[in-house]
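The values are calculated or read from the model by the stated rules, or taken from the named source; none is laboratory data. Keep in mind that what you see is a predicted model, and the values were worked out from it rather than measured. Cβ atoms come from the backbone with ideal geometry, glycine included; neighbour counts cover every protein chain shown.
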Amino acid sequence: MQNETDKEYTVKSLHSDPLSWVEKYADYLYGFAMSRIRDEDVAKDLVQDTFLAGLQRLDGFEGNSKEKTWLTAILKNKIADFYRKRSSNNLKVISAEETVQDFFDAESGHWTEKDYPRAFGLEVDNPLMVKELGAILNDCLAKLPGLWFSVFSMKHMDDLASELICTELKLSTANFWVIMHRTKLNLRACLQKNWN
């Protein structure tokens, strides 16, 4: 005879098997978190929080999507919460803005001579070059101020709408576009400096 706990677990596990989550999804979720957070300890914590939240919400999982997709969605929410908390704690747009050089001539509005865009010379058919550029890009992303990286990764890695990012991080539309602009300028400058 099954007791109530066993019966409840049997019903819940029709669509999901939490006992296999770590084995099946921990590496994938950790890699996903690392690509957006770039802090091993925080990424590990977020994956653990994802599993815990999944267990707490297991009765709401109806099997309409794959377990992996469902857990990834929970992790995305955890990452957004992390960005929101981090941006509200101590990161200010103004202080980040003050640390960036001006790439444009004040009078003409055109690129300064030293910052003028140059071609990268990337051969897309050469996997070694693509891998090397990826490593350099990761290093450049790691050098960004935290808020800038958060905004950039939410927009270009998670494909979130600009309005949602502004709401999540409590940014004005103007601040969002300034951050995006400055981030792209800094990434371009960093890539040009470090790429052959």
### Message
So, Y9, is that one out of contact with any Gly (no Cβ under 8 Å at 6 or more places or on another chain), part of a helix (DSSP H, G or I), modelled with pLDDT under 90 and aromatic (F, W, Y) or not?
### Response
yes
### Task
Tally the residues that are farther than 27 Å from P145 by Cβ and modelled with pLDDT under 90, restricting the search to segment 26-55.
2
### Message
Please count how many residues of segment 132-176 are buried (at least 17 other Cβ atoms within 10 Å of the Cβ) and of a type in the set (S, T, N, Q).
### Response
3
### Query
Out of segment 151-162, which residues are at negative phi and either without any contact (Cβ under 8 Å) to a residue 12 or more places away in the chain or touching an Asp or Glu at 6+ places or on another chain (Cβ under 9 Å) (or both)?
M154, H156, L160, A161
### Query
Among the residues of segment 119-127, is any over 18 Å from D39 (Cα atoms), in a loop (DSSP other than H, G, I, E, B), at pLDDT below 85 and of a type in the set (V, I, T)?
yes
### Query
Among the listed residues H110, H15, which satisfies the condition of being at pLDDT below 75 and in contact with a Gly (Cβ under 8 Å, 6 or more places away or on another chain)?
H15
